[in-house]
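Each remark here refers to the structure printed beneath this line.
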Amino acid sequence: MSTITLAGKDIARTDDGFFEDPSQWTEDMVPDLAKAEGIEQLTDRHWVVIRFMRSEYLTKGSGPSVRALGKSSGVPIKELYELFPKGPAKQAAKIAGIPKPIGCI
Amino acid sequence: MPGIEKISIVISKGSLEGIYPGLIMANGARAEGIEANLFFTFFGLDAIHRKRHEHIKLATVGNPALHMATWLGGFPGISSVMTHYIESKMDGIDIPSIPEFIEMIADTGAGLYACKATVDLFGMSKDDFVDQVQDIITVGDFYEIAAGGQIIFT
């Protein structure tokens, strides 16, 4: 576990960088979180994915896998990897302040 | 300790249970941000064969883990029935069909290659393969592409 300061709040994160407590997340943390993932230019399409991850987590209790993201976020898989080259579900979950999505596909 | 950054997976078998593990591992690697390449050789080429990849069958003979008598596994139609059964179970947990999976893996940015020696042996050409296949390459090319990463043979 490690702690970082975002938007004036101390945030506890897991060793691999996911929020321990997703309720601490606010949208103004997104630019800094994205930068830490190597994403300098946040576009509307990044936001579509980040907001989708967040709402899926809040309604279902876990974030979607890449396949589920591609099927239901409105952003196709090819574009997802262009937006989040280091793994769309994983990176978008970190930026959306939710736990790592579980699933093999 | 640094994590795995690159893998190259060889798919050498043409049965359903011979193809899926390599596809799942390649797709999973990309989801983790790991660079991935797939190299199809011997009967594994069926996975990327335009006409054959929709008809991949589960091996029902010589597979003791199916817990089925060998003579029954060889009975006409049993392989199709068992394949249909396992495919419907896979669909239930949202595992894509092989053609869809190949397309999806290509979309993740993984490289897909066919083995030149087998393509020559079977008298095939690039036209026999789905569009996602980037090239027909030699084993030497494969090692060049795989350089700096780990190699998994399935």
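The values are calculated or read from the model by the stated rules, or taken from the named source; none is laboratory data. What you see is a predicted model; the values in this text were computed from it and never measured. Note: ideal-geometry Cβ built from the backbone for every residue, glycine included; neighbour counts use all protein chains shown.
Below are the figures for this structure:
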{"read-out": "Pair list, Cβ under 8 Å, 6 or more apart: the stretch B:102-128 residue closer than 11 Å to B:Leu45 by Cβ and modelled with pLDDT of 95 or more, other residue among the small types (Gly, Ala, Ser) and assigned to a loop (DSSP other than H, G, I, E, B)", "value": "B:Val119/B:Ser125"}
{"read-out": "Which listed residue is in contact (Cβ under 8 Å) with a residue 40 or more places away in the chain and among the hydroxyl-bearing types (Ser, Thr, Tyr), from B:Thr70, B:Thr138, B:Thr60, B:Thr83", "value": "B:Thr83"}
{"read-out": "Residue in the stretch A:41-60 that is surrounded by fewer than 15 Cβ atoms within 10 Å (Cβ to Cβ) and of a type in the set (Lys, Arg) present", "value": "yes"}
{"read-out": "Residue check, B:Ile95 in a helix (DSSP H, G or I), within 19 Å of the chain's Cα centre (by Cα) and β-branched (Val, Ile, Thr)", "value": "no"}
{"read-out": "Some residue of the stretch A:73-80 being under 13 Å from the mean Cα position of the chain (by Cα), of a type in the set (Val, Ile, Thr) and at pLDDT 95 or above", "value": "no"}
{"read-out": "Residue match in the stretch B:123-132 (condition: touching a Leu at 6+ places or on another chain (Cβ under 6 Å) and in a loop (DSSP other than H, G, I, E, B))", "value": "yes"}
{"read-out": "Failed item, numbered, when B:Phe75 is tested on (1) at pLDDT 95 or above; (2) part of a loop (DSSP other than H, G, I, E, B); (3) of a type in the set (A, V, I, L, M, F, W, C); (4) over 15 Å from B:Ile9 (Cβ atoms)", "value": "(1)"}
{"read-out": "So B:Ala59, is it closer than 17 Å to B:Pro21 by Cα, modelled with pLDDT under 95 and part of a helix (DSSP H, G or I)", "value": "no"}
{"read-out": "Complete set of residues in the stretch B:1-16 that are in a strand (DSSP E or B) and aliphatic (A, V, I, L, M)", "value": "B:Ile7, B:Ile9, B:Val10, B:Ile11"}
{"read-out": "In the stretch B:33-48, residue nearest to the chain's Cα centre (by Cα) [restricted to those that are in contact (Cβ under 8 Å) with a residue 12 or more places away in the chain and part of a loop (DSSP other than H, G, I, E, B)]", "value": "B:Thr41"}
{"read-out": "Odd one out for B:Lys51 among (1) in a loop (DSSP other than H, G, I, E, B); (2) in contact with a strand residue (DSSP E or B) (Cβ under 6 Å, 6 or more places away or on another chain)", "value": "(2)"}
{"read-out": "Failed criterion for A:Trp25 (all others in (1) in contact (Cβ under 8 Å) with a residue 60 or more places away in the chain; (2) closer than 21 Å to B:Gly33 by Cβ hold)", "value": "(2)"}
{"read-out": "Some residue of the stretch A:35-51 being touching a Ser or Thr at 6+ places or on another chain (Cβ under 7 Å) and either of a type outside the set (Lys, Arg) or under 19 Å from A:Lys86 (Cβ atoms) (or both)", "value": "yes"}
{"read-out": "Qualifying residue in the stretch A:11-25 (condition: outside any helix (DSSP H, G or I), within 14 Å of chain B (Cβ to nearest Cβ), within 12 Å of the chain's Cα centre (by Cα) and not acidic (Asp, Glu))", "value": "yes"}
{"read-out": "Complete set of residues in the stretch A:28-47 that are away from every other protein chain (no Cβ under 12 Å) and either in contact with a His (Cβ under 8 Å, 6 or more places away or on another chain) or assigned to a loop (DSSP other than H, G, I, E, B) (or both)", "value": "A:Ala34, A:Ile39, A:Glu40, A:Gln41, A:Leu42, A:Thr43"}
{"read-out": "Among residues of the stretch A:48-105, those that are of a type in the set (A, V, I, L, M, F, W, C), within 9 Å of chain B (Cβ to nearest Cβ) and in a helix (DSSP H, G or I), counted", "value": "5"}
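Here's the yes/no breakdown for (1) closer than 30 Å to A:Gly70 by Cα; (2) of a type outside the set (D, E, K, R):
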site: B:Lys57; (1), (2): yes, no
site: B:Thr60; (1), (2): no, yes
site: B:Pro64; (1), (2): no, yes
site: B:Glu100; (1), (2): yes, no
site: B:Asp141; (1), (2): no, no
site: B:Gly149; (1), (2): yes, yes
